[in-house]
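The values are calculated or read from the model by the stated rules, or taken from the named source; none is laboratory data. Remember, predicted model here, so these are calculated numbers, not experimental data. Neighbour counts are summed over all protein chains in view; Cβ atoms, including those assigned to glycine, are modelled from backbone coordinates with ideal geometry.
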Amino acid sequence: MKQQVFNGYEGFTLQDSRLSFEEEEKQVREKINVVYIVLDDVGFAQLECYGSSIHTPNINRLADTGIRYNNFHTTAICSATRASLLTGANHHAAGVATVVDHYTGFPNQLGHLNPAYATIAEILKEYGYATYAVGKWHLTPLEDIHEQGNVTYWPLQKGFDKYYGFLDGFTDQYHPSLVKDNSTISQPKQPEDGYHLSSDLSDQAIHYLYQHHLGHPDQPFFLYLAYGCGHSPHQAPKEYIDRYQGAFDEGWDVIREKWYNRQKELGIIPPDANLTERNPYVKPWEELSADEKKVYARFMEVFAAFLEYTDVQIGRVIDYIESIGERENTVIVFLSDNGASAEGGYTGRFVQEKSMGLLTDEDDLKLSLEHFNDMGTEYSSMNYPIGWAHVGNTPFQWYKSWVHAGGVKDPLIISYPKVIKDVGSIRKQYHHVSDITPTILEAVGVKKPEFIKGVHQKPFTGTSLYYTFSHADAASQKTVQYYEQCGNRGIWKDGWKLVTNHILIDDYADDTWELYHTESDYSESENVAGLYPDKVEELKNLWFKEASANHVFPLGRGSHIISTPKQQNEELNAYRIRLGEEVYTYENIIEPFKTGQMLAFNRRNSVVHLILNHRREQEGTLYAVGSRFGGYTAFIRDNRLHFTYNYHMESYHTAVTPELPEGEIDIRVETEMKDQGGIIRLFVNGEKKAETEFEKFINMLEIVSSIRDGANSSVDPHNHLPFPYEGDIKKIVFHGAPYEFATRELLDEFWTKD
């Protein structure tokens, strides 16, 4: 990075002065580009070069020109892994204990990155790098993910020159919530024109690299490229889905065995690695009905298509880097952020917004059968059943958010042609996601500055694995790594791992610890805690020491995924009834805008108050929350006020008023919670004109709210007008009552019974 220092002198006139600048340059010793490619919820076994039958030739190409790691670990969940990846620190120390959607104010869960741990983009910018981020971010406080949000923790403020992607934890691949730099934007084209987010992200990545190479061919670049694949919703072009028709009809038990055997053939797992047993949450395939087999096989066909299609898009980016002659001196780091996800539950979700809990009795089988031909298209929002996640994490046990190997042991491929010469080989050293950024700085030959943006920097907690690039058989230089995710805890030291699952609100003292000698038991298949009680105590004490040093405490209340509905209900009450009244007011709205999470007054009494200047011919959307997969919207059609409440495509509840008067109109939309649902009442100029009742609450997982416009897709596909209201909205007020209005008894009824 060149900095100009004036060393001339200033006279009375230009003739009396001397113009002179000295250039001080802070730069790397040689041009080394860096690319991080991150997939989402892709398990250890789901890549072709890690044993699967899913076609990923471009990821294979990275493996063939680089090295694969079979002992690499993440934090078991997305935000935390990304925080650790970008900062080189353990995720609690970096301020991201779990997903940033939930923050407590304690140092381990700030809702954003701790500025004392700068991102690799901020570090590399100090040394003259151009920095680009494309894709999933998920490191911004939930309340700031909208057009009016505080951008302090958006990518451009965390070291990136340009950004294109989505800030939330996931998004619809056909109708994404997009951000460019510091503004929300609309997608460049529609699905009927060939739009899919994976290809859009690659388009943008190539565009940024093209502009960079055109203008600054000698400047090194850092590209952070994070796809939505394979997080739900699983969506892919039909021609890719069709390629896998019948490919998984044998079922998850047979496919898991086949992938396990192929892993041994590839050498990606040791020859003596055991295949862990099927856990009780996964039914034997042969016990399923014909309809279940049909639907569940289709779920996996869609996932495979999604992954293969994204692989094609990754290949396009690699091709472009090669075409500009930069491949030889570019380090490409490819990884997944955690193991395969069990959030699809027993039956899978045709509409993933309904639930991400494993033990709920929500059953999408009927809905999936009714919409079988829509599975994987823009008219579905899918997540596969737990049985396929079990296959995805072969040969390990458990899933995303667990800190057993199924949650934390993930694919890592590093390709660096200039340095790595034994290409196609496998590395067995134990390493962690916090080790990646220290590795890159060692490769580039720079150190983390003492101060960045005026903030004193704390040292990395990660250990560089650069030594593995050239020394395949070197002993691991990492000796200890702790884990904690949603109350699940573990620690690894010198070939031993202690681990426990924690169920939501149970007492931590009641948790059962398991011990595995991973040096000889690669897949964590044989719990030897009973044989080595002294080792259990030694590692428990070490876990507390490491946890204290990394700000793990206080521990949260655990994950909902492995808890019963009753326990989830108790946690819901413990957390949500603390929230108070919320009021948001907007005046003189002249254009549509998205508002993030703030309009989602779900499961609570609320009032939306609008003042319009209206003429008879004016139509369009007043506001919308959600999407075609669940939500609610108010709009004017045929000079009547409509309100629709969409319960996840299963039922639609619409209230329609008589014709509206012209001139200034006072409209109120009131929601009153009743039993497991509620009543919507529409008032015009103080008089009740219509009402509708709904029986079940929407579970708002991805909340897209917008004023004077529809959300990402039509909430009411039968009646909803997709364009903005044509008249004047003088004022709109959203008033959500405190959660105490949603009583304990009401919430007890909402959750399914044990």
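Some notes on this structure:
- Residue match in the stretch 536-555 (condition: loosely packed, with under 15 Cβ neighbours inside 10 Å, more than 25 Å from Asn70 (Cα to Cα) and modelled with pLDDT under 95): yes
- Just one residue in the set Gln173, Gln157 is surrounded by fewer than 18 Cβ atoms within 10 Å (Cβ to Cβ), among the polar types (S, T, N, Q) and either more than 28 Å from Gly128 (Cβ to Cβ) or modelled with pLDDT of 95 or more (or both); that residue is Gln157.
- Residues within the stretch 449-498 that are aromatic (Phe, Trp, Tyr) and within 25 Å of Ser79 (Cα to Cα), tallied: 6
- No other residue among Val419, Val403, Val423 is under 21 Å from Asn550 (Cα atoms), modelled with pLDDT of 95 or more, hydrophobic (A, V, I, L, M, F, W, C) and part of a loop (DSSP other than H, G, I, E, B) apart from Val403.
- Test: Trp398 is in a loop (DSSP other than H, G, I, E, B) and either over 25 Å from the mean Cα position of the chain (by Cα) or buried (at least 24 other Cβ atoms within 10 Å of the Cβ) (or both): yes
- Any hit, the stretch 486-494, residues being of a type in the set (Phe, Trp, Tyr) and farther than 25 Å from Pro554 by Cβ: no
- Test: residue in the stretch 223-233 that is within 27 Å of Val302 (Cα to Cα), assigned by TED's automatic domain parsing to the domain that holds Arg316, aromatic (Phe, Trp, Tyr) and touching a strand residue (DSSP E or B) at 6+ places or on another chain (Cβ under 8 Å): yes
- Hits in the stretch 567-616 (condition: assigned to a loop (DSSP other than H, G, I, E, B), modelled with pLDDT of 75 or more and surrounded by fewer than 17 Cβ atoms within 10 Å (Cβ to Cβ)): Ile590, Glu591, Arg615, Arg616
- Some residue of the stretch 370-379 being touching a residue at least 40 places away in the same chain (Cβ under 8 Å), crowded, with 24+ Cβ neighbours inside 10 Å and more than 21 Å from the chain's Cα centre (by Cα): no
Residues are listed down the side, and each one gets a yes or a no for (1) within 26 Å of Lys448 (Cα to Cα); (2) in the same structural domain as Pro438 (by TED's automatic domain parsing); (3) under 32 Å from the mean Cα position of the chain (by Cα):
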| position | (1), (2), (3) |
| --- | --- |
| Glu10 | no, no, no |
| Gln15 | no, no, no |
| Cys49 | no, yes, yes |
| Ile54 | no, yes, yes |
| Pro57 | no, yes, yes |
| Phe72 | yes, yes, yes |
| Thr87 | yes, yes, yes |
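- Take the conditions (1) over 27 Å from Asn108 (Cα atoms); (2) surrounded by fewer than 16 Cβ atoms within 10 Å (Cβ to Cβ); (3) touching a Ser or Thr at 6+ places or on another chain (Cβ under 7 Å); (4) of a type outside the set (S, T, N, Q); Tyr532 misses just one of them, which is (3).
- Residues in the stretch 614-657 that are touching a Lys or Arg at 6+ places or on another chain (Cβ under 6 Å) and more than 22 Å from Lys594 (Cβ to Cβ): Asn639, Tyr647, Val656, Thr657.
- Selection within the stretch 435-463 - in contact with a His (Cβ under 8 Å, 6 or more places away or on another chain) and buried (at least 18 other Cβ atoms within 10 Å of the Cβ): Gly462, Thr463
- Listed by position, the strands (runs of 3 or more DSSP E) inside the stretch 642-754 whose residues that are at pLDDT 90 or above and outside the structural domain of Ser177 (by TED's automatic domain parsing) number at least 1 are 651-659, 663-674, 677-684, 687-694, 728-736.
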